[in-house]
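Participant: Have a look at this one before I ask anything.
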Amino acid sequence: MQKTTIVDVVYYILSKKEMNSKKIQTMCYYVQGWYVANYGKFLFKEDFEAWAHGAICPALYLKFREYETAEIYVSEENAKNVELTKKQKQFIDLVIKKYRYYTANELVEYIQKEEPWINARKGLGNREYSKRIISKNSIKEYFDKRMKE
């Protein structure tokens with residue numbers, strides 16, 4: 001059985017469009033949310049944490065933090081070696097199409113108004129440090145609800 005990772009998703013997205021680390025975080029969050037709403041299972045196992053500046057996957061943060069706000073380019077080699085099916089790639093393409101024109105900051109603002117992030121940060125101040133995990137269950141419930149709207 002194929003084990004898709006968030007890094008596979010990142011390299012695929014970056015092979016389509018360069019973006020900064022903040023935007024790639026938000027894109028992966030939305031890919032995960034819409035994927036589970038459409039297929040009833042999560043695309044990758046990695047979690048997101050409810051940081052003050054959005055939904056952040058710590059593994060991605062560590063991998064790309066050196067770029068800060070610079071655009072990230074993916075090598076052809078990395079793009080070729082992603083472990084995604086044709087169906088998964090087509091789905092990710094739809095999410096890219098939906099969110100590509102939003103800035104990273106706009107996407108973060110949207111996430112900060114959504115239930116999964118809000119619920120994970122209950123009791124915390126706006127800028128307060130947190131490593132609280134945004135539960136996969138809350139992501140699934142939220143995006144399932146959005147699918148029905």
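Participant: Taking Phe91 as the residue in question, decide whether it is part of a helix (DSSP H, G or I), crowded, with 16+ Cβ neighbours inside 10 Å and at pLDDT 90 or above. Quick ask: steps written out before the conclusion?
Facilitator: Details: part of a helix (DSSP H, G or I): yes; crowded, with 16+ Cβ neighbours inside 10 Å: yes; at pLDDT 90 or above: yes.
The answer is yes for Phe91.
Participant: OK, next. Please verify whether Lys63 is closer than 14 Å to Ile111 by Cα, buried (at least 16 other Cβ atoms within 10 Å of the Cβ) and not small (Gly, Ala, Ser), treating the condition exactly as stated. Quick ask: steps written out before the conclusion?
Facilitator: Values: closer than 14 Å to Ile111 by Cα: no; buried (at least 16 other Cβ atoms within 10 Å of the Cβ): yes; not small (Gly, Ala, Ser): yes.
For Lys63, the condition - closer than 14 Å to Ile111 by Cα, buried (at least 16 other Cβ atoms within 10 Å of the Cβ) and not small (Gly, Ala, Ser) - is not met.
Participant: Every residue in region 118-149 that is under 22 Å from Tyr39 (Cβ atoms) and either hydrophobic (A, V, I, L, M, F, W, C) or touching a His at 6+ places or on another chain (Cβ under 6 Å) (or both), please. Before the answer, list the steps.
Facilitator: We begin by selecting, within region 118-149, every residue under 22 Å from Tyr39 (Cβ atoms); these are 133-149.
Scanning region 118-149 gives Ile133, Ile134, Ile139, Phe143, Met147.
Participant: Given the conditions (1) hydrophobic (A, V, I, L, M, F, W, C); (2) assigned to a loop (DSSP other than H, G, I, E, B); (3) in contact with a Lys or Arg (Cβ under 9 Å, 6 or more places away or on another chain); (4) over 20 Å from Lys136 (Cβ atoms), which single one is not true for Phe42?
Facilitator: (4)
Participant: I've got another one for you. Among the candidates Glu115, Glu106, Glu141, which residue alone is out of contact with any Asp or Glu (no Cβ under 9 Å at 6 or more places or on another chain), surrounded by fewer than 17 Cβ atoms within 10 Å (Cβ to Cβ), without any contact (Cβ under 8 Å) to a residue 40 or more places away in the chain and acidic (Asp, Glu)? Can you show your working first?
Facilitator: Details: Glu115 fails: out of contact with any Asp or Glu (no Cβ under 9 Å at 6 or more places or on another chain); Glu141 fails: out of contact with any Asp or Glu (no Cβ under 9 Å at 6 or more places or on another chain).
Answer to the check: Glu106.
Participant: Check region 31-54 and report whether any residue there is without any contact (Cβ under 8 Å) to a residue 40 or more places away in the chain and surrounded by 18 or more Cβ atoms within 10 Å (Cβ to Cβ).
Facilitator: No; the residues of region 31-54 include none that is without any contact (Cβ under 8 Å) to a residue 40 or more places away in the chain and surrounded by 18 or more Cβ atoms within 10 Å (Cβ to Cβ).
Participant: Moving on to the next point. Scan Lys63, Lys45, Lys23, Lys41 and give me the residue that is basic (Lys, Arg) and more than 21 Å from Ser135 (Cα to Cα).
Facilitator: Details: Lys45 fails: more than 21 Å from Ser135 (Cα to Cα); Lys23 fails: more than 21 Å from Ser135 (Cα to Cα); Lys41 fails: more than 21 Å from Ser135 (Cα to Cα).
Matching residue, one of Lys63, Lys45, Lys23, Lys41: Lys63.
Participant: I would also like to ask the following. If Lys22 passes every condition in (1) out of contact with any helix residue (DSSP H, G or I) (no Cβ under 8 Å at 6 or more places or on another chain); (2) modelled with pLDDT of 90 or more but one, which one does it miss?
Facilitator: Checking Lys22 against (1) out of contact with any helix residue (DSSP H, G or I) (no Cβ under 8 Å at 6 or more places or on another chain); (2) modelled with pLDDT of 90 or more, the one that fails is (1).
Participant: Picking from Val36, Val9, which residue would you name as being touching a Cys at 6+ places or on another chain (Cβ under 6 Å), among the aliphatic types (A, V, I, L, M), at pLDDT 90 or above and outside any loop (DSSP other than H, G, I, E, B)?
Facilitator: Numbers: Val36 fails: touching a Cys at 6+ places or on another chain (Cβ under 6 Å).
Result of the check over Val36, Val9: Val9.
Participant: Could you say which residue among Gln90, Gln25, Gln32 is more than 22 Å from Lys145 (Cβ to Cβ) and within 11 Å of the chain's Cα centre (by Cα)? Walk me through it before giving the result.
Facilitator: On the way: Gln90 fails: within 11 Å of the chain's Cα centre (by Cα); Gln32 fails: more than 22 Å from Lys145 (Cβ to Cβ).
The unique qualifying residue is Gln25.
Participant: Let me ask something additional. I'd like the residue in region 55-88 that is among the polar types (S, T, N, Q) and in a helix (DSSP H, G or I) and, out of all such residues, is modelled with the highest pLDDT. If you could, list the steps in order and put the result at the bottom.
Facilitator: Initial filter on region 55-88 (among the polar types (S, T, N, Q)): 69, 75, 78, 81, 85, 88.
Now drop any that are not in a helix (DSSP H, G or I), which leaves 78, 88.
Values: Asn78: 72, Gln88: 95.
Step by step, filter region 55-88, then rank; the result is Gln88.
The values are calculated or read from the model by the stated rules, or taken from the named source; none is laboratory data. Keep in mind the model is a prediction, meaning the values are calculated, not measured. Methodologically, a virtual Cβ is constructed for each residue, glycine included, from the backbone with ideal geometry; neighbour enumeration extends over all protein chains shown.
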